[in-house]
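Below: the structure, in structure tokens.
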Amino acid sequence: MNYANTEDDENKVYRAMLQSEVLEIDAKTSLVNDSVYLTSADPYSLLKYSGMCTSDFYSSKPLYFRAKEKISKSPFKVLDAPALKDDFYLNLIDWSSENTLAVGLGSCIYLWNASTSKVTKLYDLGGSDIVTSVAWTEKGTHLGVGTNSGLFQLWDPEACKLIKTLSGHDSRIGALSWND
């Protein structure tokens, strides 16, 4: 059995499938129009194309291609975050269900309301501690803040009031999750 031709055939079919799905080139103008490419000669091949020879294959799009969105080349809004810590293990940004973005910048917690474009400084922890994680509750009414010293703070952002501070962690709180 000659597997070299089969590999070339599979590459042609794969290229044709990519053209159809990603580039939206019609199957009739594609590289593959003949069903000879749509069957694999290798019975152990992981790539089986025998079901692709119908015209329905090219007309049915995957879910992620059905709703095409235009992505703007220019930003809608640019938010300045000068003290955003570059650490993969910190969660310093969280978006609430109330359309408010919470950002931990150094020792400060900022809130940006996307509806009104208003920025509010919620709190400054001071020079001895920094924000290491932020997380909104599911309803978006309360904000949890983790710190480098291991403190957890629960905030009411509408009133700009600290509700409770919990200790118990020996080191920074890098991630928060709510069980609503």
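Just one of (1) without any contact (Cβ under 8 Å) to a residue 24 or more places away in the chain; (2) in contact with a Lys or Arg (Cβ under 8 Å, 6 or more places away or on another chain) trips up T147, so point out which.
Unmet condition: (1).
Hey, can you tell me all the residues within segment 96-133 that are touching a Gly at 6+ places or on another chain (Cβ under 9 Å) and farther than 22 Å from S167 by Cα?
S96, S97, E98, N99, T100, Y110
Restricting segment 75-108 to residues that are among the polar types (S, T, N, Q) and open to solvent by 50 Å² or more (accessible area, probe 1.4 Å), which is farthest from S177 (Cα to Cα)?
The residue in question is N99.
In this structure, does K121 turn out to be over 20 Å from N179 (Cβ atoms) and open to solvent by 70 Å² or more (accessible area, probe 1.4 Å)?
Here the answer is yes, as K121 does meet what is asked.
S171: without any contact (Cβ under 8 Å) to a residue 40 or more places away in the chain and either assigned to a loop (DSSP other than H, G, I, E, B) or over 16 Å from N91 (Cβ atoms) (or both), yes or no?
Yes; evaluated as a whole, the condition is true for this residue.
Yes or no, residue by residue, for (1) aromatic (F, W, Y); (2) open to solvent by less than 60 Å² (accessible area, probe 1.4 Å); (3) outside any loop (DSSP other than H, G, I, E, B):
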position: Y110; (1), (2), (3): yes, no, yes
position: G126; (1), (2), (3): no, yes, no
position: D129; (1), (2), (3): no, yes, no
position: V134; (1), (2), (3): no, yes, yes
position: K139; (1), (2), (3): no, no, no
position: G144; (1), (2), (3): no, yes, yes
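Check S149 against each of (1) open to solvent by 100 Å² or more (accessible area, probe 1.4 Å); (2) at pLDDT 90 or above; (3) assigned to a loop (DSSP other than H, G, I, E, B) and name the one condition it does not meet.
All conditions are met except number (1).
The values are calculated or read from the model by the stated rules, or taken from the named source; none is laboratory data. Everything numeric here is computed off the predicted structure, so don't read it as measured data. Neighbour counts run over all protein chains shown; Cβ positions are idealised from the backbone, glycine included. All accessible areas refer to the heavy atoms of the entire protein, side chains included, with ligands and DNA or RNA removed. Shrake-Rupley method; radii C 1.70, N 1.55, O 1.52, S 1.80 Å.
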